[in-house]
Amino acid sequence: MADLTYLNDGSVLANLRDRYARWLIYTYSGLFCVVINPYKRLPIYTMK
């Protein structure tokens, strides 16, 4: 998200929508981490 040319509501939402479509629910933006709840279990965690 730090690479966005225009940082406005529309471009941020489009970026998050695109990442969510690829099941990338964590997005780091400078000091913040934006997390979108997928409302289902994803195979990204292991017992380790």
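Data table
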{"quantity": "Residue satisfying all of: in the range 1-15; in a loop (DSSP other than H, G, I, E, B) and under 13 Å from the mean Cα position of the chain (by Cα); surrounded by the most Cβ atoms within 10 Å (Cβ to Cβ) among these", "calculated": "Met1"}
{"quantity": "Where a residue in the range 10-27 is more than 18 Å from Lys40 (Cα to Cα) and in contact (Cβ under 8 Å) with a residue 12 or more places away in the chain and its partner, wherever it lies, is basic (Lys, Arg) and in a loop (DSSP other than H, G, I, E, B), with Cβ under 6 Å and at least six apart", "calculated": "none"}
{"quantity": "Residue in the range 21-39 that is of a type in the set (Phe, Trp, Tyr), assigned to a loop (DSSP other than H, G, I, E, B) and surrounded by 10 or more Cβ atoms within 10 Å (Cβ to Cβ) present", "calculated": "yes"}
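Yes/no per residue for (1) at pLDDT 90 or above; (2) among the charged types (D, E, K, R):
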position: Asp3; (1), (2): no, yes
position: Leu13; (1), (2): yes, no
position: Arg17; (1), (2): yes, yes
position: Trp23; (1), (2): no, no
position: Asn37; (1), (2): no, no
position: Ile44; (1), (2): no, no
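The values are calculated or read from the model by the stated rules, or taken from the named source; none is laboratory data. In this text the structure is predicted, and so the values were computed from the model without any measurement. Virtual Cβ from ideal backbone geometry, glycine too; neighbours counted across all protein chains shown.
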